[in-house]
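First up is the structure itself, then whatever we jot down about it.
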Amino acid sequence: MEFFAGYSPVELTLFVAGLLATGIVAGLIAGLLGVGGGIVIVPVLFHVFTMLGIDEDVRMHMAVGTSLATIIATSIRSVRAHHKKGAVDWALLKRWALPMLIGVAIGTALAAYVNGEVLTLIFATVALLVAFNMAFGRDDWRLGSELPGMAGQGLIASVIGGLSAMMGIGGGTFGVTVMTLYGRPIHQAVATSAGLGLLISVPGAIGFIIGGWNVEGLPPASFGYVNLIGFALIVPATILAAPWGANLAHAISRVTLARAFAFFLLITSLRMFYDLWAG
């Protein structure tokens, strides 16, 4: 492709290796923490697209849209692995499905009209707040002993869907936090949040394809804001690694799991804030 003509074989090899490594790490995190891997994929894709000189006006949108597309495959593999452990709350997923889809539609529509810096700020701010809650929150911190009624759960699901779609993540970032604050066991929260990824990623990716259709400055092999090259390199690695993470999640303690979740969120958030400040 002419787009890659200015890069040496070594640079392109590192590019491919970096995306494959990203897919493996994202798959592990998807299975381990119940997130769709977007917490890793979005910032890495953003920097890869920066390295390749993609227009800064579409860079973050491409990272978010491509991340959502990869989460489709990751979530399927991850939720199946958790289902075998009997940890997925399918009844909750059914209750949350419709309001979450509404939230995703709203979030995707908004994302199409804001610039990349706004998406980056949303990602960094929310990730930092959740990281501090997971790192410093106490076991006795509760919003309630059980989830609220249908109206309350509908609102929660809509907000999770909207913010997740704008951030390019699978919903586990919020789902794990909300469920544990309402007394759900961490392993059940992680397993069920893996299922949220499908509810968010499928309509979210479609929305970013539509929102980015015919937009100028997109790299080759892109359907709207979803880049097929990034998708093709990351998905096989995430599918391979997601079951490893799911098995590991059921083999380690709640404290270790929560700290791992907080660590990845904190690193990602700080990196994003740095990019905003440096830019």
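Tabulated data for the structure shown
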quantity	calculated
Under the Debye formula (equal points on every Cα, no solvent term), log10 I(q)/I(0) of the range 153-279 at q = 0.10, 0.14, 0.15 Å⁻¹	-0.40, -0.79, -0.90
With at most 15 neighbouring Cβ atoms within 10 Å, loop chymotrypsin sites (Phe, Trp or Tyr not before Pro) (DSSP) excluded, longest segment of the chain	8-112
Per-residue Cβ neighbour rank within 10 angstrom, fewest leading, Val114, Val40	Val114, Val40
Separation in nanometres of the label points that stand 7 Å from Cα toward Cβ, at Leu20 and Ala232	1.5 nm
Nearest-ten-degree value, helix 172-181 long axis tilted from longest Cα axis of the chain	20 degrees
Extension reserve of the Lys84-Arg271 stretch, reckoned as 0.36 nm per residue once the Cα distance is removed	63.8 nm
Fewest-first ranking of Met51, Met179, using other Cβ atoms within 10 Å as the exposure measure	Met51, Met179
Bins of 10 Å, starting at 0 and running to the largest distance - Cα pair percent for the range 12-278	8, 34, 39, 16, 3, 0
Residue with peak Gaussian network fluctuation, the chain [Cα springs, cutoff 10 Å], from Pro220, Pro203, Pro236	Pro220
Under DSSP loop assignment and at most 13 Cβ neighbours within 10 Å, longest GluC sites (Glu not before Pro)-free interval of the chain	1-145
Relative contact order for the chain, counting Cα pairs under 8 Å that sit 6 or more residues apart, in percent	36 percent
Local electrostatic count, Phe49, Cβ distance below 12 Å [Lys/Arg +1, Asp/Glu -1]	-2
Sequence-distant residues sharing a close amide H with Asn227 (under 5 Å, placed H)	Thr66
Residue order, fewest to most beta carbons within 10 Å, for Asp57, Asp89	Asp57, Asp89
Value at 222 nm in deg cm²/dmol, rounded to 500, when DSSP H runs of n ≥ 4 in the chain each add -39,500 (n - 2.57)	-26500 deg cm²/dmol
Cα centroid separation, the range 147-219 to the range 65-101 (Å)	9 Å
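Taken together, the values in this text are just the output of simple stated rules run on the coordinates, not laboratory data. Everything numeric here is computed off the predicted structure, so don't read it as measured data. Neighbour counts are summed over all protein chains in view; Cβ atoms, including those assigned to glycine, are modelled from backbone coordinates with ideal geometry.
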